[in-house]
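Peer 1: What follows is a structure written as structure tokens; I'll ask about it next.
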Amino acid sequence: MAVVGVVMGSQSDLPVMDKALQALEEFGIPYAVKILSAHRTLDETVAWARKFAAEGGEVIIAGAGLAAHLPGVVAGAVAIPVIGVPIASGPLNGVDSLYSIVQMPPGVPVACMAIDGAYNGALLAVEILALKNGEVKDKLVRFRQAQADKVTAQDEALQNRGGLGNDQSKRDYHA
């Protein structure tokens, strides 16, 4: 059974939203994915969101560009967390999408990611699931440790390199 729903406004959003799907797959999170439009398929969008939540779905990630009403419409239809992903498109390159998602009215919250932030949207969904699923939490802890280990390894490589220029005596990489 899918616990995360991923919905996007059009096929053109898929390259960005695919990053969310990849992250969910990395964590072994079952998901359902749809293309629905808040403007062109409003009734189907609301029906899908309500059915998904009624069948045990726990989080929805909704990505859209331009006017980007999809996350807000979904949030208005269900009582589960909705994560909005503004997609860079059109003459404003995603700023309009960002404002559409982040400026929700009181009582209908949407967690808003950065423009094209689908990967982080999926990680937020994983964090929400980890609140009551120990296996997911363990995977998240291991993921975070792997991120820290990568940064540590990068720093060690830099320190072992000894400097970036000809006059290494003026550089202190251990400060």
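Peer 1: Go through (1) assigned by TED's automatic domain parsing to the domain that holds S10; (2) loosely packed, with under 15 Cβ neighbours inside 10 Å and name the single condition V141 misses.
Peer 2: In the conditions (1) assigned by TED's automatic domain parsing to the domain that holds S10; (2) loosely packed, with under 15 Cβ neighbours inside 10 Å, V141 misses (1) alone.
Peer 1: Oh, and also: Kindly indicate which of D116, D18 is part of a loop (DSSP other than H, G, I, E, B) and within 17 Å of the chain's Cα centre (by Cα).
Peer 2: D116
Peer 1: Sticking with this structure for a sec: Specify which of the listed residues (V85, V74) is assigned to a helix (DSSP H, G or I), closer than 19 Å to S10 by Cβ, at pLDDT 95 or above and touching a helix residue (DSSP H, G or I) at 6+ places or on another chain (Cβ under 6 Å).
Peer 2: Of the residues listed, the single one that is assigned to a helix (DSSP H, G or I), closer than 19 Å to S10 by Cβ, at pLDDT 95 or above and touching a helix residue (DSSP H, G or I) at 6+ places or on another chain (Cβ under 6 Å) is V74.
Peer 1: Would you say I60 is outside any strand (DSSP E or B) and at pLDDT 95 or above?
Peer 2: no
Peer 1: I'm checking my understanding of the structure. Among residues of the range 32-50 that are without any contact (Cβ under 8 Å) to a residue 24 or more places away in the chain and surrounded by 13 or more Cβ atoms within 10 Å (Cβ to Cβ), which one is farthest from G9 (Cα to Cα)?
Peer 2: A47
The values are calculated or read from the model by the stated rules, or taken from the named source; none is laboratory data. No experiment lies behind these values; they were computed from the predicted model shown. Note that each Cβ is placed from the backbone with ideal geometry, even for glycine, and that neighbours are counted across all protein chains shown.
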